[in-house]
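Note sheet for the following structure.
Laboratory data are not the source of any read-out in this text; all were calculated from the coordinates shown. Every value quoted in this text rests on a predicted model; they were computed, and no experiment measured them. Every residue, glycine among them, receives a Cβ derived from its backbone with ideal geometry; neighbour counts consider all protein chains shown.
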Amino acid sequence: MTEADNAAVAPVARDALIIEPASRADLADIIAILAAETLLGVRDSTDPADLPAYERAFEDIAQDPRTTIYVAKREGRVLGTFQLVLMRALTRRGALLAIAEAVQVHPEARGMGVGRAMMDFAIAEAKRRGAGSLQLTSNKQRLDAHRFYERAGFERRHEGFKIDFY
């Protein structure tokens, strides 16, 4: 995200919940939230030996003007995170599309409106940045998440496919 874009993205408060671009200081909390999600097996790690890989990824993302990692904080504590990616496509007459990725709420904060506030923010930010739509994927096993996304206004439209390489 460029400095001009960062300046345009003011933190949003909702019931003392602040949603803002993540800083390097938030990384350990973000990793802990990602590592807490084990429904699909262990995919992320809080092992200090893995920190350099997360740091490199964070720096790469921070330098990309079309992607931003956000955090939702209450009283300084990171309760949720998501990544917003903007992508230009040839479809829809060259539309700018937004993708929400890695949407996670700390297990202790689920059901407290954190996820809804993050999705409301993602929708507003995608619109503000000129995107024609916002999409996300959710694993088929995450049935509670599917109901949540539908309540947030998302529609089931596509069947997704994926190949993991590691």
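A few remarks follow.
- Converting phi to 3J(HN,Hα) with the Karplus coefficients 6.51, -1.76 and 1.60 and the offset θ = phi - 60°, the range 135-142 yields 10, 8, 10, 9, 4, 4, 7, 8 Hz in sequence order, with x at every glycine or proline.
- Cα shape, the chain, gyration tensor, a/c 1.5 rule: rounded
- Cross-link reach is defined here as a Cα-Cα straight distance under 17 Å, omitting same-chain residues fewer than 8 places apart; for residue 73 the aspartates and glutamates meeting it are 15, 20, 26, 29, 108, 120.
- 15 Å beta-carbon shell around residue 143, net charge (K/R +1, D/E -1): +3
- The chain - percent relative contact order, Cα under 8 Å, separation 6 or more: 19 percent
- Between the listed residues 95, 137, 72, the Cα displaced farthest toward the positive end of the dipole of the range 3-151, a dipole computed from Cβ unit charges relative to the Cα centre, is found at 95.
- For the peptides 43-54, 69-80, 25-36, the ranking by mean Cβ contacts within 10 Å, running from highest to lowest, is 69-80, 25-36, 43-54.
- Close amide-amide hydrogen proximity is noted between residue 80 and 72, 106, each under 5 Å apart and 5 or more residues distant or on a separate chain (H modeled in the peptide plane; Pro and chain starts excluded).
- The listed peptides 129-139, 55-65, 94-104, 151-161, ordered by packing as a protection proxy, come out as 94-104, 129-139, 55-65, 151-161 (highest mean of other Cβ atoms within 10 Å first).
- Antiparallel %, DSSP beta bridges [both residues in the range 3-151], to 5: 85 percent
- Under 22 Å of direct C-alpha separation, and excluding same-chain neighbours fewer than eight residues apart, residue 162 reaches these lysines: 140.
- For the chain, size of Cβ-based charge dipole, Lys and Arg +1, Asp and Glu -1, in debye: 860 debye
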